Amino acid sequence: DHRDLHSFPTRRSSDLDTVRTRQEKNIRRAKALSYSGLIPFYGMAGLSWFAQTGSWALHALATYSAIVLAFLGAIHWGRALDKMPYSNQYPTLLFGLIPALLAWLSLLLPLELSLPMLAAGLMFVWGTEQMVFNDTLPTWYRHLRHQLTAAAVIAVLFGWAATMFWML
């Protein structure tokens, strides 16, 4: 999504190419870092099915999921801080707090309740971004969030299934 690159009408073509190249590199790096963030989700979800590692892996999965959920809210705080001089950002700031509160509350619950709450929290943030912030988020970020949210929710629910298995 290069729409913000055209807001520099006084720049020369070579400067615009440099900005575009830098933006493309940063997007690739952001995607690579984001996909690597799925490793703990799947590592802990997989380890949760083994008797020797199940308990700590489930706690690690819940904790990591809560951290990611809080991070997703913080992204919106960053967006709001950037736009504060131009418009009322109170709704965005308020929305940015909700994921952290959900994450914290989920960690107070037993794992069999915490993990589905975290999965629901991840879907809540994704859904709100699609409905409320769709026009303000870059296209590449929206596509990335579709993939990451689906993958993270599947991993969390896979770990949740392990909690049910260990309860038998």
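Full extension from Ala32 to Trp56: what is 0.36 nm times the residue separation minus their Cα-Cα distance, to one decimal in nm?
5.9 nm
Leaving out ligands and nucleic acids, and using a 1.4 Å probe, what accessible area per residue does segment 51-93 come to in Å²?
57 Å²
For Trp166 and Tyr141 in the same chain, what is the full-extension length gain: residue separation times 0.36 nm, less their Cα-Cα distance, in nm?
Difference between extended and current length: 5.3 nm.
Identify the chymotrypsin sites (Phe, Trp or Tyr not before Pro) of segment 24-78 meeting these criteria: DSSP loop state and at most 14 other C-beta atoms within 10 Å of the C-beta.
Hits after loop and neighbour filter: Phe50.
Rg(Cα) of segment 53-146 divided by 2.2 N^0.38 Å?
My calculation over the Cα atoms of segment 53-146 gives 1.18.
Give me a comma-separated list of calculated 3J(HN,Hα) values for segment 128-139, in order, Karplus coefficients 6.51, -1.76, 1.60 applied at θ = phi - 60°, integers in Hz, x for any Gly or Pro.
Taking θ as phi minus 60°, the curve returns 5, 4, 5, 8, 9, 10, 3, 6, 9, 9, x, 4 Hz for segment 128-139.
Lys/Arg Cβ at +1, Asp/Glu Cβ at -1, dipole of the chain taken about the Cα centre: which of Leu16, Met117, Gly159 is farthest positive-ward?
Of the listed residues, the answer is Leu16.
Take every Cα pair under 8 Å in segment 27-111 that's 6+ residues apart, average their separations, divide by the length, and report that relative contact order as a whole percent.
Over segment 27-111, the number comes to 27 percent.
What size of dipole, in debye to the nearest 20, comes out for the chain about its Cα centre when the only charges are +1 on Lys and Arg C-beta atoms and -1 on Asp and Glu C-beta atoms?
520 debye
Report, to two decimal places, the Cα Rg of the chain normalised by 2.2 N^0.38 Å (N = number of residues).
Against the empirical 2.2 N^0.38 Å value, I get 1.22 for the chain.
Would you mind telling me the share, in percent, of accessible area of the chain contributed by carbon and sulfur at probe 1.4 angstrom?
That share works out to 70 percent.
The values are calculated or read from the model by the stated rules, or taken from the named source; none is laboratory data. Small disclaimer: the values here were computed from a predicted structure and weren't measured. Note: ideal-geometry Cβ built from the backbone for every residue, glycine included; neighbour counts use all protein chains shown. Surface areas here come from the heavy atoms of the whole protein model, side chains and all, with no ligands, DNA or RNA. Shrake-Rupley method; radii C 1.70, N 1.55, O 1.52, S 1.80 Å.
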